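Engineer: Input: one structure, supplied below.
The values are calculated or read from the model by the stated rules, or taken from the named source; none is laboratory data. Please read these numbers as outputs of a predicted model, since none were measured by experiment. Cβ coordinates were reconstructed from backbone atoms using ideal geometry, including for glycine residues, and neighbour counts include every protein chain displayed. Ligands, DNA and RNA are excluded from the accessible area calculation, which covers all protein heavy atoms including side chains. Shrake-Rupley method; radii C 1.70, N 1.55, O 1.52, S 1.80 Å.
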Amino acid sequence: MGFDMGAWFAHSELSANRFVRWQRDDNPGPVSHSANMIHDDHSFGANLKAARLRKGWSQERLAAEAETSKGYVSDLERGKRPIPPGRKLESLAAALQLQPGDLLTAERRPLVAPIISWVAAGSLIDPETQIPAESETIEISGLPPGDYFATRVNGDSMDRFSPHGSLIIVNRAEREPIKGRRYIFSRRGETTYKRFDTEPLRLVPESTNPAHDPIFPRTDEEWTIIGRVRITLFDDL
């Protein structure tokens with residue numbers, strides 16, 4: 001989505017064994033592990049996407065196997081469509097070699113996030129852009145439903161929170177800026193990872209290197225928020 005700087009001025013975390021330390025961008029409290037059936041379109045979409053990625057399938061492949069359209073699968077995964085009725089649900093589950101209940105349980109399953117390069121992350125300006133299904137993946141527990149990917153940090157501008165080489169987990173579904181949260185921003189093909197702040201509006205580095213200065217977007221600039229950084233994973237090996 002486009003981030004209108006002028007409007008702002010006018011109105012103003014893990015199952016990969018090798019990663020043994022992590023920190024998250026908030027403190028959401030304990031995760032519920034209820035086994036009740038879900039009635040939330042976004043939770044269903046997250047389950048469907050995770051099941052698809054575990055098989056290494058694209059949305060096109062799942063649509064073909066379930067005899068439906070890629071657009072319908074995409075809408076389901078993003079919570080834009082209601083939980084499908086009986087036969088459609090059964091077709092999706094059968095294609096994934098699951099029972100319908102596997103897609104409907106409210107038990108918090110690990111989320112599957114593709115691991116992509118920093119360059120590839122910068123290309124995700126359009127929320128409809130699909131990540132290649134053959135990407136390496138990582139499973140993350142304890143996060144809310146969303147549209148996640150992982151990428152490695154390059155540089156030291158955020159090394160107080162995410163050191164160079166660490167893996168950050170980004171939720172593309174969170175594109176509305178919140179003061180004090182960390183996001184990947186893009187403008188004219190250039191991508192930057194910073195903390196969002198206001199009064200004045202700025203994108204703030206969190207670095208041990210004093211050479212990094214805040215970015216002060218102008219009112220005539222349009223920035224895109226690619227997603228919110230939810231967790232940083234540290235590779236200690």
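Engineer: Name the single residue, out of those in region 208-237 being over 14 Å from Arg182 (Cβ atoms) and of a type in the set (D, E, K, R), that is least open to solvent (accessible area, probe 1.4 Å).
Structural biologist: Restricting to residues being over 14 Å from Arg182 (Cβ atoms) and of a type in the set (D, E, K, R), the top hit is Glu221.
Engineer: Then there is this: List, please: which pairs have Cβ atoms under 6 Å, are six or more places apart or on different chains, and start with a residue in region 203-214 that is under 15 Å from Thr192 (Cα atoms) and end with one that is surrounded by fewer than 15 Cβ atoms within 10 Å (Cβ to Cβ)?
Structural biologist: Val204/Pro214; Glu206/Arg160
Engineer: Given (1) within 30 Å of Gly155 (Cβ to Cβ); (2) open to solvent by less than 40 Å² (accessible area, probe 1.4 Å), where does Leu96 come up short, assuming only one miss?
Structural biologist: (1)
Engineer: Of the numbered conditions (1) of a type in the set (S, T, N, Q); (2) under 26 Å from Glu128 (Cα atoms); (3) open to solvent by less than 20 Å² (accessible area, probe 1.4 Å), Asn154 fails exactly one; give the number of that condition.
Structural biologist: Exception for Asn154: condition (3).
Engineer: Looking at Gly122, Gly86, Gly45, Gly56, which is the one that is in contact with an Asp or Glu (Cβ under 8 Å, 6 or more places away or on another chain) and open to solvent by 30 Å² or more (accessible area, probe 1.4 Å)?
Structural biologist: Details: Gly122 fails: open to solvent by 30 Å² or more (accessible area, probe 1.4 Å); Gly86 fails: in contact with an Asp or Glu (Cβ under 8 Å, 6 or more places away or on another chain); Gly45 fails: open to solvent by 30 Å² or more (accessible area, probe 1.4 Å).
Unique residue meeting the criteria: Gly56.
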